[in-house]
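Following: one structure in structure tokens, then a few remarks.
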Amino acid sequence: MAHRGPLSAPKRPGPSAPARTSGAPQSLSWPRSRPLLLLLLLPLLPPAAGGAEGRSSWPGRPGPRAWVTRLPPSGRAEPGGQEDTQVRDSEPGAPGRDPDPVWSPGGDLAPALGKERRARAVPVAGAASRAQVWLISTSFVLKGDATHNQAMVHWTGENSSVILILTKYYHADMGKVLESSLWRSLDFGTTYTKLTLQPGVTTVIDNFYICPTNKRKIILVSSSLGDREQSLFLSMDEGATFQKHPVPFLVETLLFHPKEEDKVLAYTEDSKLYVSSESDLGKKWILLQERVTKDHVFWAVSGVDIDPNLVHMEAQDLNGDFRYFTCQIHNCSAQSHKVPFPDPVDQGSLTVQDEYIFLKATSANRTKYYVSYRRSDFVLMKLPKYALPKDLQIISTDEQQVFLAVQEWNQADTYNLYQSDPRGIRYSLVLENVRSSKQAEESVVIDILEVRGVKGVFLANQKVNGKVMTLITYNKGRDWDYLRPPSTDMNGKPTNCQAPDCHLHLHLRWADNPYVSGTVHTKDTAPGLIMGAGNLGSQLVEYKEEMYITSDCGHTWRQVFEEEHHVLYLDHGGVIVAIKDTSIPLKILKFSVDEGHTWSTHNFTSTSVFVDGLLSEPGDETLVMTVFGHISFRSDWELVKVDFRPSFPRQCVEDDYSSWDLTDLQGDRCIMGQQRSFRKRKSTSWCVKGKSFTSALTSRVCKCRDSDFLCDYGFERSPSSESTASKCSANFWFNPLSPPDDCALGKTYTSSLGYRKVVSNVCEGGVDLQQSPVQLQCPLTPPRGLQVSIRGEAVAVQPGEDVLFVVRQEQGDVQTTKYQVDLGDGFKAMYVNLTLTGEPIRHRYESPGVYRVSVRAENVAGHDEAVLFVQVNSPLQALSLEVVPAIGTNQEVNLTAVLLPPNPNLTVFYWWIGHSLQPLLSLENLVTTRFTNAGDVRVTVQAACGNSVLQDSKVIRVLDQFQVVPLQFPRDLDAFNPNTPEWREDVGLVVTRLLAKETSIPEELLVTVVKPGLPTVADLYVLLPPPRPTRKRSLTSDKRLAAVRQALRTHRISFILRGGLRILVALRDTEAGSQRPGGSGGYWAVVVLFVIGLFAVGAFILYKFKRKRPGRTVYAQMHNEKEQEMTSPVSHSEDAQSAMQGNHSGVVLSINSREMHSYLVS
């Protein structure tokens, strides 16, 4: 349901949940008079709470565990408590416990065995009158364990009647177990025997572990009171006998191999990893690795890793960096380590889950997420470009697909749900604003639940405008609908709940104790059966926890209780058991044998008990359950076995079943490409489904339809309407025709049409939105995005230190490209396949100084260059250079460096302009300069603070002439503006592309620059083409401006953002924007008139003067004609206010560094 923890957390009840697995108990502090805690355990059995099946990060651990707090009777008042009292009083009594002792072989005298209680269940109102259900309840008290405040329970299952219970007194202040008892039952929990491991010696058991492939194999971990030594007790016969083996370390947790029973890993309290295998299991231990990250060790995955003896681990190297290592358990020396990911990773980020390996790496204040599919090379996970994740959580990796929850840059308490392609690389949005909440230890709970038993069905709570509403999907997130409310309540009265103003909403919470159900309960063995707590209304209400049930996978719902209950399914859902979630003692359980249509009650004990947990045999295939509890806070543990088998005397046959068809809320039977039918027991049949029962009846493949496809990466669903509801359109930042980054000359690539079939959808024929994809030849593309860096992202090194230069190329052909490398100290070389192999260039600078490292990549199609200035002294975070893209010659231009985080008065800025090796130094983040010659000039800035140095570089076009058209956008765009350089660049590119297409002006002559900050505005730079003798530049320029203004004035330039929001690009009124508060329009009018008067007087004097000097007059006329030819005339229309001539005024984008920084860090 929910997932807890960082990306690195492995697949668990919510794929990144904190360890609900075995290991040392958590440190809790409470006095003995406070409520006790029950720690329950069942190996390889998913928690009783609803949600996706959890998988431990340590496969082979005993299974889910959690704490249950026993609240005193004075706790919260229970609604409906009086009703329960009345039910108890009206029910026939039952005999009390009989203290007759029973002797169990191999152990002590069994204490206080209760007398068997046979009782006929009492039907509640509405129950079938024919219900003659006979139950057998047997109570057993663990005498002598009244002081023990924790318990671990293991039911072997699989035709075994053995149950093991470990009770212990855990002292929270000391952080250790002081007393323990181990109990064993051979008859499904009717009687228990207390085991003695060492006669005459007090043995304290901390934990026990069950082998997942051979549940007869059990390891107990014991320790001395001084914590100076530990021992392991190994059993091969389900705890009948044990052998003691001392260990030279303190065990934190054990990890059995998921497929081979003779291999186990031990993680110690000092972060070391040991292995024991084969005939020496538990006896001999070999050290594999030190400084290992807890809970980030994984055995090989069967069917994916070739070597079953492989171990994946995250550990620290000698430099203190965390890295991802693999090794073979029989050869795990430092020399034999393999490092599948070359760079350091974030601590606690490694996750090995099914076919995928996930990790994240942070450098230069930017976190990148990587994935490896079936152990291939790691690649960047491609989320939508401007998701800009703050946090990322794995929901599931079932069926060769990754479900991902991403908290984007503008989200606080919600996450967006994404779905991947089969390789886990490209992600598409399937649901926005899923509610999340913070839990203890900074873990995160996300309100999404996979409905078990029917693939493709999920429930999620979406939070919009403060309202939380429950949604359901039947096709893995392609379509979502609200839950239909029932027409009547549990008493048959109308609910008066009608869509669209009222729906059913459910709480999607995990229970703290895995042996009591969460707020929603589903099981793989009971497809279509969902029982959950929630309310009817316009939104989810936290304090309302009415119980609702559906037996057709959410198509129809019924109310069954007015308060929340813990739920347990027996015999594939043939019997549903419910016990009220309350802090007061109980003796009544409710059950249904007809999928919740009718309910009966049963006194499972004669004395009310505080219920701590429910347990059934693994697989929920039998009709036997156990209730764990205590009579008072100082009493012994009491276990009550409830046996429903007498009521179902025979095995079901085919005539005992009916069928039901799976449909969505619209009644469509074709779900995930097939029509599916399931079997269920008839309400008139009193028989046992048994272990061999299969619920799936028939399935028929459907023809493909539009609803079987979702939007591919880079595309988004159009706004909902009848004609375009299924249409996927490319995002503004995505060009579907662009070849992929790894497209090599001579190969082909497929251009996406915007659709891909939902993973695991099995439809055939019919509509194929992916049909006839465009097969394109990979072109010979020039190198673009060339980068040179030092491994580790530093640009300052020490003399004599080995420097590893890494050259990366984002786009362009790499096989035919040559790379000229100049390291600045005389070393020059030519390389081929430099970026293809990924091998770094190793170099060592002997003398201090600043070295200009340049890499020029060139092929037939073009070239690119990257420059890096290396400071050799001592080793500095994020820096962005803000400049205008074009400037006039001999005009002042501001160069602004934005540093995050800022270090005023401590940072030295180095400015390199052009190819100069002598930088300009400043203590301010802004310098002003001029360019005398036209051309492209590269500006590089470095910020140095202490031993840290960062760099950014931009290219400025210096032109004789250009024109600027101010642009504006609707205020709606501000909400989508993360104020990052990449976002501004992409918005500018899409505006330029649209204008070029609309006006037929070459795209290279238009540059749109989006300015930093809010509101979002931009300047359009209109550049002049190369001079042509037969063409007058002034006329061409005038036509271009007119075409641009006409396109903007007629509202033909627009693009679409997420959710169908259309952004219209328009002209910006520069005069309105230049007014200041307190200014006066009359004042400026006077100034303008005065200036015009001065010009008139000057013109008159000049006219008189020229009449007296004929030669001077001729020169002035010739000069004027030349100037008109070089300069485009300025229109005196109203539109001229928005076009400024670059030859006489230019445009200087002056960025106030303080304002810019204050906005970026806000």
- Query: What's the number of the condition GLN498 fails, among (1) touching a Lys or Arg at 6+ places or on another chain (Cβ under 6 Å); (2) surrounded by fewer than 22 Cβ atoms within 10 Å (Cβ to Cβ); (3) assigned to a loop (DSSP other than H, G, I, E, B); (4) not aliphatic (A, V, I, L, M)?
  - Reply: (1)
- Residue list for segment 530-550, filter: open to solvent by 10 Å² or more (accessible area, probe 1.4 Å) and of a type outside the set (Ser, Thr, Tyr): LEU536, GLY537, GLN539, LEU540, VAL541, GLU542, LYS544, GLU545, GLU546
- Output for segment 593-613, where each listed residue is modelled with pLDDT of 85 or more, under 26 Å from TRP637 (Cβ atoms) and either among the acidic types (Asp, Glu) or part of a strand (DSSP E or B) (or both): THR601, HIS602, ASN603, VAL609, PHE610, VAL611
- Task: Quickly run through segment 583-597 and pick out the residues that are among the hydroxyl-bearing types (Ser, Thr, Tyr) and either in contact with a Leu (Cβ under 9 Å, 6 or more places away or on another chain) or open to solvent by 30 Å² or more (accessible area, probe 1.4 Å) (or both).
- Result: SER583
- Residue among VAL806, VAL762 that alone is surrounded by fewer than 20 Cβ atoms within 10 Å (Cβ to Cβ), of a type in the set (A, V, I, L, M) and under 26 Å from PHE909 (Cβ atoms): VAL806
- Message: Among the residues of segment 611-635, what is the count of those that are open to solvent by 20 Å² or more (accessible area, probe 1.4 Å) and in contact with a Ser or Thr (Cβ under 9 Å, 6 or more places away or on another chain)?
- Response: 8
- Query: Scanning for something of a type outside the set (A, V, I, L, M), farther than 28 Å from TYR657 by Cα and surrounded by fewer than 23 Cβ atoms within 10 Å (Cβ to Cβ), does segment 551-562 turn up at least one residue?
  - Reply: yes
- Query: Only one of PRO486, PRO422 is surrounded by fewer than 21 Cβ atoms within 10 Å (Cβ to Cβ), within 21 Å of the chain's Cα centre (by Cα) and not in a strand (DSSP E or B); which?
  - Reply: PRO422
- Does segment 357-366 hold any residues that are under 14 Å from the mean Cα position of the chain (by Cα) and either open to solvent by 10 Å² or more (accessible area, probe 1.4 Å) or not aliphatic (A, V, I, L, M) (or both), and which are they? PHE358, LYS360
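Being surrounded by 12 or more Cβ atoms within 10 Å (Cβ to Cβ) and outside any strand (DSSP E or B) is the filter; apply it to segment 1060-1074 and report the residue that is modelled with the highest pLDDT.
Per the stated criteria, the residue is VAL1065.
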- Residue count, segment 460-501 (criterion: hydrophobic (A, V, I, L, M, F, W, C) and over 15 Å from ASN535 (Cβ atoms)): 6
- Query: Could you list, in sequence order, the residues of segment 350-386 that are farther than 20 Å from TRP409 by Cα and in a loop (DSSP other than H, G, I, E, B)?
  - Reply: LEU350, ASP354, GLU355, ARG374, ARG375, SER376, ASP377, PHE378
- Among the residues of segment 966-977, is any open to solvent by less than 20 Å² (accessible area, probe 1.4 Å), under 30 Å from the mean Cα position of the chain (by Cα) and within 19 Å of TRP733 (Cα to Cα)? yes
- Task: Would you mind finding the one in LEU404, LEU417, LEU471 that is in contact with a strand residue (DSSP E or B) (Cβ under 7 Å, 6 or more places away or on another chain), over 30 Å from ARG375 (Cα atoms) and in a strand (DSSP E or B)?
- Result: LEU471
- Message: Take the residues in segment 879-933 that are acidic (Asp, Glu) and under 26 Å from THR992 (Cα atoms); name whichever of them is least open to solvent (accessible area, probe 1.4 Å).
- Response: GLU882
- Checked against (1) open to solvent by 10 Å² or more (accessible area, probe 1.4 Å); (2) under 21 Å from the mean Cα position of the chain (by Cα); (3) more than 25 Å from THR837 (Cβ to Cβ), ARG375 satisfies every condition except (3)
- Message: Conditions first: (1) open to solvent by 20 Å² or more (accessible area, probe 1.4 Å); (2) more than 36 Å from the chain's Cα centre (by Cα); (3) more than 30 Å from ASP741 (Cα to Cα). ASP936 passes all but one, so which condition is the exception?
- Response: (3)
- Query: Which of the residues spanning segment 315-348 are open to solvent by less than 30 Å² (accessible area, probe 1.4 Å) and either part of a strand (DSSP E or B) or over 21 Å from THR367 (Cα atoms) (or both)?
  - Reply: ALA315, TYR324, PHE325, THR326, CYS327, ILE329, CYS332, VAL345
- Message: Within segment 640-725, considering only strands (runs of 3 or more DSSP E) that don't extend past its boundaries, which have at least 1 residues that are open to solvent by less than 40 Å² (accessible area, probe 1.4 Å) and of a type outside the set (Lys, Arg)?
- Response: 657-661, 674-681, 709-711, 715-717
- Limited to segment 396-447, what total is found for residues that are basic (Lys, Arg) and closer than 18 Å to TRP480 by Cα? 1
- Item | Residue list for segment 155-210, filter: in a loop (DSSP other than H, G, I, E, B), closer than 14 Å to VAL141 by Cα and among the β-branched types (Val, Ile, Thr) | THR190, THR191
- Residues that are of a type in the set (Val, Ile, Thr) and either at pLDDT below 90 or open to solvent by 60 Å² or more (accessible area, probe 1.4 Å) (or both), drawn from segment 221-267: THR241
- Query: Does VAL797 satisfy being crowded, with 17+ Cβ neighbours inside 10 Å, of a type in the set (Val, Ile, Thr) and modelled with pLDDT of 85 or more?
  - Reply: no
- Query: Is there any pair linking a residue in segment 364-375 that is of a type in the set (Gly, Ala, Ser) to one that is part of a strand (DSSP E or B), with Cβ under 9 Å and at least six apart or on different chains, and which?
  - Reply: ALA364/ALA878; ALA364/LEU879; ALA364/LEU950; SER372/TYR356; SER372/ILE357; SER372/PHE358; SER372/LEU359; SER372/VAL379
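The values are calculated or read from the model by the stated rules, or taken from the named source; none is laboratory data. Computed from a predicted structure; not experimentally measured. Positions of Cβ are generated from backbone atoms using ideal geometry, with glycine treated the same way; all protein chains shown enter the neighbour counts. Note: accessible area is taken over every heavy atom of the protein model, side chains too, but ligands, DNA and RNA are not part of it. Shrake-Rupley method; radii C 1.70, N 1.55, O 1.52, S 1.80 Å.
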